[in-house]
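To keep things clear, I will list the structure first and then write my remarks on it.
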Amino acid sequence: MALVNMKISKEDREKERTPEMSEADGPEYPFGLRLHLDSNSLKKLGIENLPETGKEFGIEAKAKVVEVSQRADEEYTDKRMELQVTDMNLVDPDASTADRLFSGGAKSE
């Protein structure tokens, strides 16, 4: 399955920007797409040493739909779905195939 880039378009960022905001203000990606992993979660994923900021990982995950809603007015219809990640793994693209298959999680040096 191909990945879809979720970055907010320039056009949509322009619509949301207020006069006091600069072009650099505002998020690059929609709210809710950032995962926060605490020490226990990192341990479960096999990450002993924190990676450098900016390093990319693949994510394999299973999620359960926990809430759905739809709202409409005269001009706009908004649909929303909340997912709870229940199982996940991080894939370090720099790890060897053997490490990926047998480590039980991503290892970052």
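List of remarks:
- P19 being assigned to a loop (DSSP other than H, G, I, E, B) and closer than 26 Å to P93 by Cα: no
- Counting the residues of the range 3-19 that are surrounded by 10 or more Cβ atoms within 10 Å (Cβ to Cβ) and of a type outside the set (K, R) gives 4.
- Residue match in the range 33-43 (condition: modelled with pLDDT under 95 and either of a type in the set (D, E) or on the phi > 0 side of the Ramachandran plot (or both)): no
- None of L101, L90 is among the aliphatic types (A, V, I, L, M), outside any loop (DSSP other than H, G, I, E, B), at pLDDT below 95 and touching a Ser or Thr at 6+ places or on another chain (Cβ under 9 Å) except L90.
- Some residue of the range 46-66 being surrounded by 10 or more Cβ atoms within 10 Å (Cβ to Cβ), on the phi > 0 side of the Ramachandran plot and not in a strand (DSSP E or B): yes
- Pair list, Cβ under 7 Å, 6 or more apart: the range 62-80 residue within 18 Å of L33 (Cα to Cα) and among the aromatic types (F, W, Y), other residue surrounded by 10 or more Cβ atoms within 10 Å (Cβ to Cβ) and at pLDDT 95 or above: none
- Screening S22, S69 for residues that are under 25 Å from V4 (Cβ atoms) and loosely packed, with under 10 Cβ neighbours inside 10 Å leaves exactly one candidate, S69.
The values are calculated or read from the model by the stated rules, or taken from the named source; none is laboratory data. For clarity, every value in this text was computed on a predicted model and none was experimentally measured. Cβ: placed from backbone, ideal geometry, glycine included. Neighbour counts: every protein chain shown.
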